[in-house]
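The values are calculated or read from the model by the stated rules, or taken from the named source; none is laboratory data. Keep in mind the model is a prediction, meaning the values are calculated, not measured. Because the Cβ atoms are built from the backbone with ideal geometry, glycine has one as well, and the counts that use them run over all protein chains shown.
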Amino acid sequence: MLENKTILIVVPARGGSKGIKLKNIAKINGVPLVALVGRVVKQLPYVDRAVVSTDHEKIAQIAKESGLDVPFMRPKALSGDFVGDWEVLNHALLECEQIDGRQYDVIVMLQPTSPLRKPGHVTASIEKLIKG
């Protein structure tokens, strides 16, 4: 939470990539991409909740082992090639708000396929968004 704003991190990680099979658990220096997101999230100071939206059990397992929460599985209807980020984020937000019994003010999407992101980048972005 920052300035009374609740913050939800959503990590979209579907299993059906066409270019690179299961790309969200491809490894860099021996670490799956979704696990790299988990390392970043653990260092973020303002996060109220961080969840992975996935349709694949192996991705969910690795995410959980990395300290990320997987409170629901993404429906098949939201896992296709032509489903946009908005639909995935909206689904995750509604699921989390229902599960948690609270509303979130800020949603931050952290894609596993951006492995060079640093915690400071995310923190600065959140601060800029909320504080102006």
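Here Leu33, Leu89, Leu44, Leu22 are screened, and the one residue that is closer than 18 Å to Gln103 by Cα, touching a residue at least 24 places away in the same chain (Cβ under 8 Å) and of a type outside the set (Asp, Glu) is Leu89.
Counting the residues of segment 13-59 that are under 24 Å from Gly120 (Cβ atoms), part of a helix (DSSP H, G or I), of a type in the set (A, V, I, L, M, F, W, C) and out of contact with any Leu (no Cβ under 6 Å at 6 or more places or on another chain) gives 6. You will find that of Lys76, Lys58, the residue that is at negative phi and touching an Asp or Glu at 6+ places or on another chain (Cβ under 7 Å) is Lys76 and no other.
Right, Val10: assigned to a loop (DSSP other than H, G, I, E, B) and buried (at least 18 other Cβ atoms within 10 Å of the Cβ) or not? The answer is no for Val10. Suppose the filter is surrounded by 12 or more Cβ atoms within 10 Å (Cβ to Cβ) and of a type in the set (Asp, Glu); does Asp81 pass it? Against the criterion (surrounded by 12 or more Cβ atoms within 10 Å (Cβ to Cβ) and of a type in the set (Asp, Glu)), Asp81 does not qualify. Does segment 60-74 hold any residues that are more than 12 Å from the chain's Cα centre (by Cα), touching a residue at least 24 places away in the same chain (Cβ under 8 Å) and assigned to a helix (DSSP H, G or I), and which are they? Once the filter is applied, which keeps residues that are more than 12 Å from the chain's Cα centre (by Cα), touching a residue at least 24 places away in the same chain (Cβ under 8 Å) and assigned to a helix (DSSP H, G or I), segment 60-74 yields Ile62, Glu65. Considering every residue within segment 4-13, establish whether at least one is at pLDDT below 95, over 12 Å from the mean Cα position of the chain (by Cα) and more than 29 Å from Lys128 (Cβ to Cβ). Within segment 4-13 (the criterion being at pLDDT below 95, over 12 Å from the mean Cα position of the chain (by Cα) and more than 29 Å from Lys128 (Cβ to Cβ)), the answer is no, since none of the residues qualifies.
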